Amino acid sequence: DGNLVVANNSSRLGFKFSEDLGGSFFKKAVGQYEASVSIDGEDAENTGGTTGTPAVTSVSTGLFGGAIRNSFLGVETAGGSVLAGIYDTPFKIVGRAVELFPEQLGDARNLTSPGGASWDLRPSNVVAYMSPSLAGVSVAVAWTADASTGVNANTDNNANTVASASVAYKGGPLYVAAAYEKHDSNILATPGGAEDETGYRIVASGTFGIFKVIGLYQGL
């Protein structure tokens, strides 16, 4: 209808730190806080008004009105990195590694997470481990604790945990990875919903001159 709007799209602001621990095994303490930035002053569409009447109010929560993104505390060691907080699952990470159109209309998550973000998670209460690269091979594992307290039998039974793992190889222009994820007691919002669900992904990408070829296969 010709309306002109101000769109925030994907603005973010974050802070990270690292502190050298000076040890042969415990090398660094690390941390990060990142959030979406509501640069247009709104964290939601205009609200208010009635049917046939333009909305006349808006919701504004200031600069940090958006969602919290990857935010954590952790330690880097000679045997890999361990962190706790809010973080992408290994299952999500391997999918994003071969994404050609991140956060655009062609984003692969329109296909890989049908109906929402249930298979591209950035959950809270995460404990994760990422190994160092050995001959180009690395592994990552993450477990998400259940922090829910609801009593609705259709949406919560106090056992909503996520286990996710991946193994990846990166060498020169080639990247290959596989990931597996299990959602325990992921009772859906309707009676009869599944109590658990599993998924796997196999991805690959290669760069050849000015061309990049990617592939992703997912089974749920």
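The values are calculated or read from the model by the stated rules, or taken from the named source; none is laboratory data. Owing to the predicted nature of the structure, the values given are computational and were not obtained by experimental measurement. No Cβ is skipped: glycine too gets one built from the backbone with ideal geometry, and neighbour counts run over all protein chains shown. Surface accessibility is based on the protein's heavy atoms, side chains included, excluding ligands, DNA and RNA. Shrake-Rupley method; radii C 1.70, N 1.55, O 1.52, S 1.80 Å.
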Any pair with Cβ under 7 angstrom, 6 or more apart, that starts in segment 65-92 at a residue that is under 17 Å from residue 32 (Cα atoms) and ends at one that is of a type in the set (S, T, N, Q) and open to solvent by less than 20 Å² (accessible area, probe 1.4 Å): 66/38; 85/71; 86/71; 89/164
Conditions (1) open to solvent by less than 90 Å² (accessible area, probe 1.4 Å); (2) farther than 25 Å from residue 105 by Cα; (3) in a loop (DSSP other than H, G, I, E, B); (4) at pLDDT 75 or above; number of the one not met by residue 49: (4)
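How about segment 85-125: which of its residues are of a type in the set (A, V, I, L, M) and more than 11 Å from the chain's Cα centre (by Cα)? Break it down stepwise before answering.
At the first step, the residues of segment 85-125 found to be of a type in the set (A, V, I, L, M) are 86, 93-94, 97-98, 100, 105, 108, 111, 117, 121.
If the condition is that a residue be of a type in the set (A, V, I, L, M) and more than 11 Å from the chain's Cα centre (by Cα), then 97, 98, 100, 105, 108, 111 are the ones that fit.
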Complete set of residues in segment 94-146 that are of a type outside the set (S, T, N, Q), part of a helix (DSSP H, G or I) and loosely packed, with under 14 Cβ neighbours inside 10 Å: 111
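Quick test for you: out of 165, 159, 189, 204, pick the one residue that is at pLDDT below 95 and either surrounded by 12 or more Cβ atoms within 10 Å (Cβ to Cβ) or under 18 Å from the mean Cα position of the chain (by Cα) (or both). Break it down stepwise before answering.
On the way: 165 fails: at pLDDT below 95; 189 fails: either surrounded by 12 or more Cβ atoms within 10 Å (Cβ to Cβ) or under 18 Å from the mean Cα position of the chain (by Cα) (or both); 204 fails: at pLDDT below 95.
Just a single option satisfies the conditions, and that option is 159.
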Residue within segment 66-78 that is farther than 30 Å from residue 212 by Cα, over 19 Å from the mean Cα position of the chain (by Cα) and either modelled with pLDDT under 85 or among the aliphatic types (A, V, I, L, M) (or both) present: yes
Pairs where the first residue, in segment 12-33, is of a type in the set (A, V, I, L, M) and the second is outside any strand (DSSP E or B), C-beta under 8 Å, 6+ apart: 13/37; 13/63; 13/64; 29/21
